[in-house]
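Novice: This is the structure I want to talk about, given as structure tokens.
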Amino acid sequence: MAATALCAAVATEASAQDGSIVLNQQLQLGDVISGQTLNVEDAQGEVAVNNAAQGNSLSGSVQNDRLDVTSSQVMQGNTRAATTVGLEGDTGGPVNASTQARGNVLAAGAYGADLAIESDQQVGPSEVAASALITGSAPRLLGGASVSTTAIASTVTLGGTGSRIEGVIVQGSDAGVRADTLAEMQYIPAPAEFISQSLGNAVGVNSGSDASGGASQALTVRQRQAGDIVTASTSANAGNAWDLAGRARATANQTVTYNQGGSVVMTTDQSNLSQVRASSVVTSYDFGAATANAAGAGNQVSVGNNDVFLQIDNAQVNSGGVEASASFAGTNGYDAYVAAEATGNAVTGYACSQCDGYMDVANDQTNAGNVSANASTTVRGAGRTVITGANAVGNSATFYVSGPSN
């Protein structure tokens, strides 16, 4: 059984001065497994599947108050979600399938309020795996498809408006993280996209100003991924596809934050020991447009502030290998797009130039793992356009000051 906790705070005359406090402690020792199997023949409308497995989950929000959250989440068992959709004949509507496996999840929001957080998420030597299989006896997907498969060991998501978000986030994973999507179809005369995404540790923060005031962030994030592998694999195959895309993205540690309306002070410390692998394979005998995209990264940080002050202190060490491979094979068609990108360590920081933006950056990156990217395209008959690219980078750092988008 998974552990789930909910919390909410709204200011009253009695509570507005002191704020609210949440103390959360979750320990999941056993496996959490979710599975769905559908067998559908000649469906006239939409075929939809939502399948999710979560070990520990905490969510809450605060409005016009202050919320202090202290949370410890430990996942020792396996987390698995598997979806199988068997299609026969003609499926008239779109096929929409979402499969997610997550070890630890924390989500919190602040609206006209302050949010202080101390979060520690740990995943033991286990497996976090999500898989989706779309198959059948020569299925025809007349309405297209949107299929996504996601596996994440630990996730923290914070957001708000008119808020200050501050604190410390620690994530550690000894798990193998795997996301796999396989689709086999005969005919798809509509857009069809198949996506696999795997993440060891993920932090996302988004805050902005509103009528109550500005927004700011002051956070320290420490992430460590040490399982055997973080892998995302997509294989999308058709006899005839009008617009077919297969995408795969694998990242050991990821932190992405954005703010508007105040200062951002961010300290990030990332370490990866896992093998990271992203693979996308797309095949179609006849094709209109075909896309195969694969991206792999050991450590990844993106910090943006659409305001005056941005401070980043970033340290990244990648010791695991990073591989990205994307391939397409077809016979007769029009346009093929194939891209593979592999990065050991990457950091991006940006601030607002029209606000007289100022950045203070300290960056330390070390990559000791092999990094490789490979893109392969085969068109055996006639085709119109082939655009392909492969990019492999050990360490990447980009910092810039730009104007706000309209």
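Novice: For segment 146-191, name all the residues that are open to solvent by 10 Å² or more (accessible area, probe 1.4 Å), more than 30 Å from LEU58 (Cβ to Cβ) and not hydroxyl-bearing (Ser, Thr, Tyr).
Specialist: Of everything in segment 146-191, those that are open to solvent by 10 Å² or more (accessible area, probe 1.4 Å), more than 30 Å from LEU58 (Cβ to Cβ) and not hydroxyl-bearing (Ser, Thr, Tyr) turn out to be LEU182, GLU184, MET185, GLN186, PRO189, ALA190, PRO191.
Novice: Does GLY200 satisfy the criteria of being open to solvent by less than 10 Å² (accessible area, probe 1.4 Å), in a loop (DSSP other than H, G, I, E, B) and either within 22 Å of GLY344 (Cβ to Cβ) or in contact with a His (Cβ under 8 Å, 6 or more places away or on another chain) (or both)?
Specialist: Spelling it out, it is not the case that GLY200 is open to solvent by less than 10 Å² (accessible area, probe 1.4 Å), in a loop (DSSP other than H, G, I, E, B) and either within 22 Å of GLY344 (Cβ to Cβ) or in contact with a His (Cβ under 8 Å, 6 or more places away or on another chain) (or both).
Novice: Can you confirm whether VAL347 is within 25 Å of GLY227 (Cα to Cα), open to solvent by 40 Å² or more (accessible area, probe 1.4 Å), of a type outside the set (Gly, Ala, Ser) and out of contact with any Gly (no Cβ under 6 Å at 6 or more places or on another chain)?
Specialist: No.
Novice: Sticking with this structure for a sec: For segment 161-172, state whether one or more residues are of a type in the set (Lys, Arg) and under 17 Å from GLY77 (Cα atoms). Write out each step before concluding.
Specialist: Kept after step one, since they are of a type in the set (Lys, Arg), are these residues of segment 161-172: 164.
Filter again for under 17 Å from GLY77 (Cα atoms), leaving none.
No, because not a single residue in segment 161-172 is of a type in the set (Lys, Arg) and under 17 Å from GLY77 (Cα atoms).
Novice: If we keep just the residues of segment 51-90 that are of a type in the set (D, E, K, R) and over 13 Å from ALA110 (Cβ atoms), which is most open to solvent (accessible area, probe 1.4 Å)?
Specialist: ARG80
Novice: Something else: Test SER284 against the stated conditions and say whether it is open to solvent by 10 Å² or more (accessible area, probe 1.4 Å), small (Gly, Ala, Ser) and closer than 22 Å to ASP180 by Cα.
Specialist: Here the answer is no, as SER284 does not meet what is asked.
Novice: To continue, here is another question. Please enumerate the residues belonging to segment 221-244 that are open to solvent by 30 Å² or more (accessible area, probe 1.4 Å) and either within 17 Å of the chain's Cα centre (by Cα) or under 20 Å from GLY159 (Cα atoms) (or both).
Specialist: Listed by number, the residues that qualify are ARG222, ARG224, SER233.
Novice: May I pose another question? Tell me, yes or no, whether segment 109-122 has at least one residue that is surrounded by 21 or more Cβ atoms within 10 Å (Cβ to Cβ), at pLDDT 95 or above and charged (D, E, K, R).
Specialist: no
Novice: If you don't mind, another one. Condition test on ARG247, is it part of a strand (DSSP E or B), open to solvent by 30 Å² or more (accessible area, probe 1.4 Å) and under 19 Å from ASN314 (Cβ atoms)?
Specialist: no
Novice: Just one of the numbered conditions (1) surrounded by fewer than 24 Cβ atoms within 10 Å (Cβ to Cβ); (2) at pLDDT below 95 is not true of LEU142; which one?
Specialist: (2)
Novice: Which residue pairs have Cβ atoms closer than 6 Å, lie 6 or more positions apart in sequence or on different chains, and pair a first residue in segment 224-253 that is free of Cβ contacts under 8 Å to residues at least 24 places away in the same chain with a second residue that is assigned to a strand (DSSP E or B) and surrounded by 24 or more Cβ atoms within 10 Å (Cβ to Cβ)?
Specialist: none
Novice: Now, a different point. It is to be established whether one or more residues within segment 365-377 are in contact (Cβ under 8 Å) with a residue 60 or more places away in the chain, closer than 30 Å to GLY262 by Cα and not in a strand (DSSP E or B).
Specialist: no
Novice: Filtering segment 205-220 down to residues that are assigned to a strand (DSSP E or B) and surrounded by fewer than 21 Cβ atoms within 10 Å (Cβ to Cβ), which residue is modelled with the lowest pLDDT?
Specialist: Applying the first criterion (assigned to a strand (DSSP E or B)) to segment 205-220 yields 205-208, 210, 213, 216-220.
Then keep just the ones that are surrounded by fewer than 21 Cβ atoms within 10 Å (Cβ to Cβ); that gives 206, 208, 210, 213, 218, 220.
Working: ASN206: 96, GLY208: 91, ASP210: 87, GLY213: 83, ALA218: 97, THR220: 98.
The selected residue is GLY213.
Novice: For segment 123-137, which residues satisfy the criterion of being open to solvent by 50 Å² or more (accessible area, probe 1.4 Å) and at pLDDT below 95?
Specialist: Scanning segment 123-137 gives a single hit, SER137.
Novice: What's the total number of residues in segment 45-63 that are among the polar types (S, T, N, Q) and either at pLDDT below 95 or more than 30 Å from GLY144 (Cβ to Cβ) (or both)? Steps first, please.
Specialist: Applying the first criterion (among the polar types (S, T, N, Q)) to segment 45-63 yields 50-51, 54, 56-57, 59, 61, 63.
Still in the running and either at pLDDT below 95 or more than 30 Å from GLY144 (Cβ to Cβ) (or both): 56-57, 59, 61, 63.
Looking only at that region, the number is 5.
Novice: What are the residues in segment 296-309 that are assigned to a strand (DSSP E or B), surrounded by fewer than 24 Cβ atoms within 10 Å (Cβ to Cβ) and of a type in the set (A, V, I, L, M, F, W, C), if any?
Specialist: Residue satisfying the conditions is PHE309 alone.
Novice: What's the total number of residues in segment 258-276 that are in a strand (DSSP E or B), surrounded by 24 or more Cβ atoms within 10 Å (Cβ to Cβ) and either in contact with a Pro (Cβ under 8 Å, 6 or more places away or on another chain) or hydroxyl-bearing (Ser, Thr, Tyr) (or both)?
Specialist: 1
The values are calculated or read from the model by the stated rules, or taken from the named source; none is laboratory data. Bear in mind that the values here come from a model prediction, so they are computed numbers and not experimental data. Positions of Cβ are backbone-derived with ideal geometry, glycine not excepted, and every protein chain shown enters the neighbour counts. Ligands, DNA and RNA are stripped out before the accessible areas are found, and what is left, the full protein with its side chains, is counted by its heavy atoms. Shrake-Rupley method; radii C 1.70, N 1.55, O 1.52, S 1.80 Å.
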